[in-house]
Amino acid sequence: MTALLDVKDLRAYYGAVQALHGLDFALDQGSLTALLGANGAGKTTTLRAICNMVRSTGSIEFDGAALAGRATENIVRLGIAHVPQGRGTFASLSVAENLQLGAISRRDREIAADLERVYAHFPVLRQRHRQQAGTLSGGEQQMLAVARALMLRPRLMLLDEPSFGLAPLMVAELFRILGRINREDKVTILVVEQNAELALALADQAYVIETGRIVMAGAAAAIAANPDVRKSYLGY
Ligand code: ATP
C-alpha cells in the first residue's frame, strides 16, 4: 500500500514550548488509524500541525505534495478535512445550511448529490435538516461536524476525539458510521481518541504518543493486545 500521508521528524511549538519532538508516521491510502495517548501527549497538536495551524518543522507529504508553507485553506482544498474538538458547527444555522457551508470551498455543482450521500450516512440529520444546529443533542452535533467535513469530499479526515462528551450508545453509532465512511467512501481516517478501546476496535493501525513522541506503532489488534497499552489505556 502507498502512504497517503507521510510525516517525518515533525516538531511543533507553542512559543518557546515544544509540544512534538520528531514524530514519524504514515497513513496508508484507505486506512483507518488511531492516534492514542494521555492528556497533553500531543494528539491535538499533531492534527493541527498537519493543517498548518501551529508552528512546526519537519516534512509532511500528502499524496506526494509537501504541505509545508501552505495556508490551512489550501490544505483543505487538497482534500484534508479536520474535525476539531468542540465541533465548530454554526449554532444559529440549520443542519442543511451547515452542510452546504461545508461544501463552500468546492467549485463543482454536485452538492445536492453529496447532501444525499451524507444524509444516507446520517439519517438523523435528514430528519432534522431544518433544525438549528445549536438545538441538536451533543451526539447529533458531532455527527453534523463529521457530515460537514464529508461535504468537502475529503480524501483524508482528521478527527479530534469524536467521542468526547457523548453517551456510549451515541459513540457506538458514530464509530459504526465512521467505519462505513472509511470502507464505502474510501476516506482515509486519522482519529485521535481517549477512548482507546473503541478506537482500537475500529482502526486497522494505531500509534501511541507520550509527551510528543511516538512510543508504539503497529496493527491496532497488536497494540490492543500489548500488556502496557492494556494497563495504561484500556484499564485491564
Ligand atoms: P488532550 O487530550 O488533553 O487534548 P493532547 O494529546 O491533544 O491532549 P495537545 O493539546 O496536543 O495534547 O498538547 C500537547 C502539549 O502542548 C501539552 O503540553 C499542552 O500543554 C501544550 N499546548 C497545547 N496547546 C497549547 C497552547 N495553545 N499554548 C501553549 N501550550 C499548548
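The values are calculated or read from the model by the stated rules, or taken from the named source; none is laboratory data. Please read these numbers as outputs of a predicted model, since none were measured by experiment. When we count neighbours, we look across all protein chains shown, and the Cβ atoms used for this are built from the backbone with ideal geometry, even at glycine. Accessible surface areas use protein heavy atoms only, side chains included; no ligands, DNA or RNA. Shrake-Rupley method; radii C 1.70, N 1.55, O 1.52, S 1.80 Å.
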Enumerate the pairs (first residue in the range 109-134 and in contact (Cβ under 8 Å) with a residue 60 or more places away in the chain; second residue anywhere and hydrophobic (A, V, I, L, M, F, W, C)) with beta-carbon separation below 8 Å, excluding pairs fewer than 6 apart on the same chain, so at least 6 apart or on different chains. Arg117/Leu150; His121/Ala147; His121/Leu150; His121/Ile177; His121/Ile181
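Given the criteria more than 30 Å from Arg126 (Cβ to Cβ), among the small types (Gly, Ala, Ser) and either open to solvent by 50 Å² or more (accessible area, probe 1.4 Å) or modelled with pLDDT under 95 (or both), does Ala96 qualify? First the steps, then the outcome.
Details: more than 30 Å from Arg126 (Cβ to Cβ): no; among the small types (Gly, Ala, Ser): yes; either open to solvent by 50 Å² or more (accessible area, probe 1.4 Å) or modelled with pLDDT under 95 (or both): yes.
Here the answer is no, as Ala96 does not meet what is asked.
Being closer than 30 Å to Glu173 by Cβ, open to solvent by 40 Å² or more (accessible area, probe 1.4 Å) and in contact with a Leu (Cβ under 8 Å, 6 or more places away or on another chain) narrows it down to one of Leu101, Leu125, so name that one. Please lay out each step first, then the result.
Numbers: Leu125 fails: open to solvent by 40 Å² or more (accessible area, probe 1.4 Å).
Selected residue: Leu101, the only one of Leu101, Leu125 that is closer than 30 Å to Glu173 by Cβ, open to solvent by 40 Å² or more (accessible area, probe 1.4 Å) and in contact with a Leu (Cβ under 8 Å, 6 or more places away or on another chain).
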Of (1) polar (S, T, N, Q); (2) part of a helix (DSSP H, G or I); (3) crowded, with 17+ Cβ neighbours inside 10 Å; (4) not assigned by TED's automatic domain parsing to the domain that holds Pro123, Asn74 satisfies every one except (3)
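Before we move on, is Val95 more than 10 Å from the ligand (Cβ to nearest atom), under 30 Å from Gln131 (Cα atoms) and more than 19 Å from the chain's Cα centre (by Cα)?
Numbers: more than 10 Å from the ligand (Cβ to nearest atom): yes; under 30 Å from Gln131 (Cα atoms): yes; more than 19 Å from the chain's Cα centre (by Cα): yes.
Criteria met by Val95.
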The correct count of residues that are of a type in the set (Lys, Arg) and within 10 Å of the ligand (Cβ to nearest atom) in the range 32-55 is 2
Of (1) aliphatic (A, V, I, L, M); (2) touching a His at 6+ places or on another chain (Cβ under 9 Å); (3) assigned by TED's automatic domain parsing to the domain that holds Leu200, Leu99 fails just (3)
Do we find that Gln85 is open to solvent by 30 Å² or more (accessible area, probe 1.4 Å) and either of a type in the set (Val, Ile, Thr) or outside any loop (DSSP other than H, G, I, E, B) (or both) in this structure? no
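Given the criterion away from the ligand (no atom under 15 Å from the Cβ), farther than 25 Å from Leu200 by Cα and at pLDDT below 95, identify the matching residue among Gly58, Gly64. Spell out how you get there, then give the answer.
On the way: Gly58 fails: at pLDDT below 95.
Among Gly58, Gly64, only Gly64 is away from the ligand (no atom under 15 Å from the Cβ), farther than 25 Å from Leu200 by Cα and at pLDDT below 95.
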Scanning the range 1-54 for residues that are open to solvent by less than 40 Å² (accessible area, probe 1.4 Å), in a strand (DSSP E or B) and in contact with a Lys or Arg (Cβ under 8 Å, 6 or more places away or on another chain), which turns out modelled with the lowest pLDDT? Leu36
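Being part of a helix (DSSP H, G or I) and surrounded by 15 or more Cβ atoms within 10 Å (Cβ to Cβ) is the filter here, so list the residues in the range 216-233 that pass it. Quick ask: steps written out before the conclusion?
Our first condition is that a residue be part of a helix (DSSP H, G or I); within the range 216-233, this holds for 220-225, 227-233.
Once the filter is applied, which keeps residues that are part of a helix (DSSP H, G or I) and surrounded by 15 or more Cβ atoms within 10 Å (Cβ to Cβ), the range 216-233 yields Ala220, Ile223, Ala224, Val229, Arg230, Ser232, Tyr233.
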Starting from residues that are within 16 Å of the ligand (Cβ to nearest atom) and hydroxyl-bearing (Ser, Thr, Tyr), keep the ones in the range 161-215 and report whichever is most open to solvent (accessible area, probe 1.4 Å). Thr211
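When you look at Glu140, is it open to solvent by 40 Å² or more (accessible area, probe 1.4 Å) and more than 19 Å from Thr44 (Cα to Cα), yes or no? Before the answer, list the steps.
Values: open to solvent by 40 Å² or more (accessible area, probe 1.4 Å): no; more than 19 Å from Thr44 (Cα to Cα): yes.
Considered against the rule, which asks whether it is open to solvent by 40 Å² or more (accessible area, probe 1.4 Å) and more than 19 Å from Thr44 (Cα to Cα), Glu140 comes out as no.
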